[in-house]
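Please read through the structure below; I'll follow up with questions.
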Amino acid sequence: MKYQSEISRRRTFAIISHPDAGKTTLTEKLLLFGGAIQTAGAVKSNKIKKHATSDFMEIERQRGISVATSVMSFEYKGVLINLLDTPGHKDFAEDTYRTLTAVDSVILVVDSVNGVEEQTRRLMEVISMRKTPVMVFINKMDRDGKNRYDLLEEIEKELKIHLHPMTWPINSGKDFKGVYDLHNKSLVLFTAGTKATDEDVVEITDLSNELLDKKVGEHDASTLRDDVELVDGVYGELSVEDYRHGNTAPVFFGSAVNNFGVREMLETFIRIAPDPQPRQTTTRSIAPGEDKLSGFVFKIHANLDPKHRDRIAFLRICSGKFERNKYYHHVRLDKDFRFSNPYTFMARSKEVLEEAFPGDVVGLFDTGNFKIGDTLTEGEDFFFSGIPTFSPEIFKEVVNKDPMKTKQLEKGLMQLTDEGVAQLFTQFGGNKKIIGCVGELQFEVIQYRLLHEYGASVQFNTLPFYKACWITSEDKKKLDDFTRFKMQNIAEDKDGHLVYLAQSEWFLNTERTNNPDIEFHFSSEVHK
Ligand code: G4P
């Protein structure tokens with residue numbers, strides 16, 4: 001295998017959480033450990049502050065900030081860590097789903113007070129579909145949270161994953177005294193407001209040691225002994241294989257803002273998190289150590305300044321070596337491109353890179369040639385599988401307010417939807433354009449950008465649909481009949497694939513029952 005030493009020292013992952021659980025804070029602490037930043041507070045949260053939830057310009061401004069933090073690469077103990085950022089706002093959930101296709105593992109932050117929240121649930125569905133390895137960080141142990149056993153049970157049940165505690169907390173809230181590291185058999189003591197240093201770590205290989213009573217008091221020492229006995233009995237040693245297959249998630253307790261419990265997780269992360277893994281394509285599986293380059297675009301970031309209509313396409317390298325100024329094959333366009341200024345994101349600043357390896361993310365300057373899912377190779381024709389489009393949740397018809405600008409509108413709609421801002425459907429047998437989004441905010445963004453970047457003025461008419469399903473059938477005639485009879489509810493996606501737009505779950509279920517020969521798919525993956 002080529003480039004083995006480069007590949008095995010890379011870890012590419014994302015942190016996910018419900019807003020406010022502590023993703024930004026944890027990110028910052030990890031960067032501090034990696035020496036990528038020197039001071040706390042240096043990471044700008046890309047979450048949308050509560051008061052600004054209806055101000056999309058503010059959101060776009062913050063998205064602008066987030067270009068710099070889209071990928072944060074840093075080194076820790078010789079391991080090169082690529083941390084891919086995900087948007088905090090739920091209206092941009094599609095961005096998060098796509099970023100999850102570009103990582104080899106994730107860290108999930110759960111707030112110990114609130115437990116599993118809505119957004120976490122949805123993200124976990126995507127993760128378990130892909131069997132991505134997960135580590136869980138239970139944050140805010142310095143606050144009075146839920147009972148830890150209840151919390152573990154809740155997470156296991158809600159997220160349908162086996163948990164494996166790696167550290168065990170001693171109380172929570174104002175009585176929080178620290179965690180016992182079950183793997184290293186050491187006690188890490190907590191002092192609010194200061195980060196845990198080496199002096200706060202007490203090695204206690206035998207829990208009957210009286211030092212434990214001295215450090216945490218007799219009562220808590222006795223509870224800890226009971227807890228650890230129970231936890232060890234139930235869980236035993238972590239099976240790294242189970243973690244890597246996405247079946248078991250190691251769990252750490254801590255407090256990100258106090259930089260507590262973070263190091264224990266990071267140490268385990270670099271020890272067991274997977275390095276870049278083989279990836280399935282439309283033709284074969286691609287191993288990272290193959291000679292030839294391959295990679296796919298999972299995110300496109302547009303410049304909001306209308307004078308600079310450039311974009312950055314984020315390419316995840318899957319195999320081979322990426323080199324500046326070398327020609328690569330753009331499979332969809334069947335054209336070769338070379339990149340004179342590819343970016344890397346080392347230490348949070350954009351720098352031109354000469355070469356990159358599997359697991360790395362490269363920022364490619366793009367003038368409109370890329371769309372999400374595009375593949376670069378050294379000539380071979382394939383696409384990476386598993387970069388699905390999910391059904392939008394809100395559908396609106398695009399009404400052109402200025403017929404003189406029809407061409408600009410078409411172009412704008414094509415480009416914005418290539419970026420993945422929204423999905424575009426065309427009414428079957430007609431030319432009504434339908435935009436589908438996850439959140440209302442994207443409609444504002446689209447309206448604004450169409451006007452300011454393309455000079456096209458539009459308004460939206462809400463349509464009564466709740467879900468789009470991609471439809472296929474072995475029986476072409478049945479599919480033709482269905483499309484004809486249900487014309488009002490049929491549209492084509494941008495690639496010309498048929499979708500059924502359902503008004504409600506009831507309609508969807510009825511159609512499924514009445515049409516057993518037609519398959520209804522909840523993602524576009526079926527066409528890959
Ligand atoms: P997010 O990116 O997941 O949305 O969360 P973020 O890190 O911004 O954290 C949300 C809030 O929770 C922040 O407070 C942060 O300081 C706080 N927080 C993070 N970790 C802990 C912890 O371990 N314990 C406690 N008690 N709080 C924690 P904020 O008031 O919303 O913002 P800020 O003014 O402190 O930045």
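So for ARG263, ARG284, ARG225, fewest C-beta neighbours within 10 Å to most, what's the order?
Fewest-to-most ranking of ARG263, ARG284, ARG225: ARG284, ARG225, ARG263.
Let's see if you can work this out: charge +1 on each Lys and Arg Cβ, -1 on each Asp and Glu Cβ, no other charges. What is the dipole magnitude of the range 243-316 about its Cα centre, in debye to the nearest 20?
280
With an 8 Å Cα cut-off and a minimum separation of 6 or more residues, compute the relative contact order for the range 279-377 in percent.
Once normalised by length, the contact order is 34 percent.
Continuing with the same structure: Compute the angle between helix 118-130 and the longest alpha-carbon principal axis of the chain, please, reported from 0 to 90 degrees and rounded to the nearest 10.
Rounded to the nearest ten degrees, it is 80.
Report, to the nearest 10°, how far helix 476-485 tilts away from the longest principal axis of the Cα atoms in the chain, using its own Cα long axis and a range of 0 to 90°.
Helix 476-485 sits roughly 80 degrees off the main axis of the chain.
A further question follows. Of the cross-linked pairs LYS401/LYS432; LYS23/LYS146; LYS160/LYS467; LYS77/LYS140, which ones have a Cα-Cα span greater than 22 Å in the structure shown?
Listed pairs above 22 Å: LYS160/LYS467; LYS77/LYS140.
Students often check this: by mean Cβ neighbours within 10 Å, which of 381-394, 399-412 ranks highest, and how do the rest follow?
Top to bottom by mean Cβ count within 10 Å: 381-394, 399-412.
Another one. What FRET efficiency, computed as 1/(1 + (r/R0)^6) with R0 = 30 Å and r the Cβ-Cβ distance, is obtained for ASP475 and ARG122, rounded to the nearest 0.05?
That pair, ASP475 with ARG122, gives E of 0.35.
Cross-link partners among aspartates and glutamates for LYS215, C-alpha distance below 16 Å, same-chain residues fewer than 8 apart left out?
ASP175, ASP181, ASP198, GLU199, ASP200, GLU203, ASP206
By how many nm would the segment from PHE522 to GLN459 lengthen if fully extended, with 0.36 nm per residue of separation less the alpha-carbon distance?
Difference between extended and current length: 19.9 nm.
So for MET141, MET487, fewest C-beta neighbours within 10 Å to most, what's the order?
MET487, MET141
On to the next question. Taking the Cα-to-Cβ direction at GLU203 and at GLU440 and moving 7 Å from each Cα, how far apart do the two end points lie in nm?
Modelled inter-label distance: 5.9 nm.
May I pose another question? Calculate the FRET efficiency for LYS174 and ASP213 from the Cβ-Cβ distance with a Förster distance of 22 Å, rounded to the nearest 0.05.
Once rounded, the FRET efficiency stands at 0.60.
Something else about it: Nearest 10 degrees, 0 to 90: what angle lies between the long axis of helix 440-454 and the longest principal axis of the chain (Cα atoms)?
Approximately 50 degrees, to the nearest ten.
Quick note: the coordinates plus some simple rules give every number you see, no bench work behind them. Owing to the predicted nature of the structure, the values given are computational and were not obtained by experimental measurement. For neighbour counting, all protein chains shown are included, and Cβ atoms are generated from backbone atoms with ideal geometry for every residue, glycine included.
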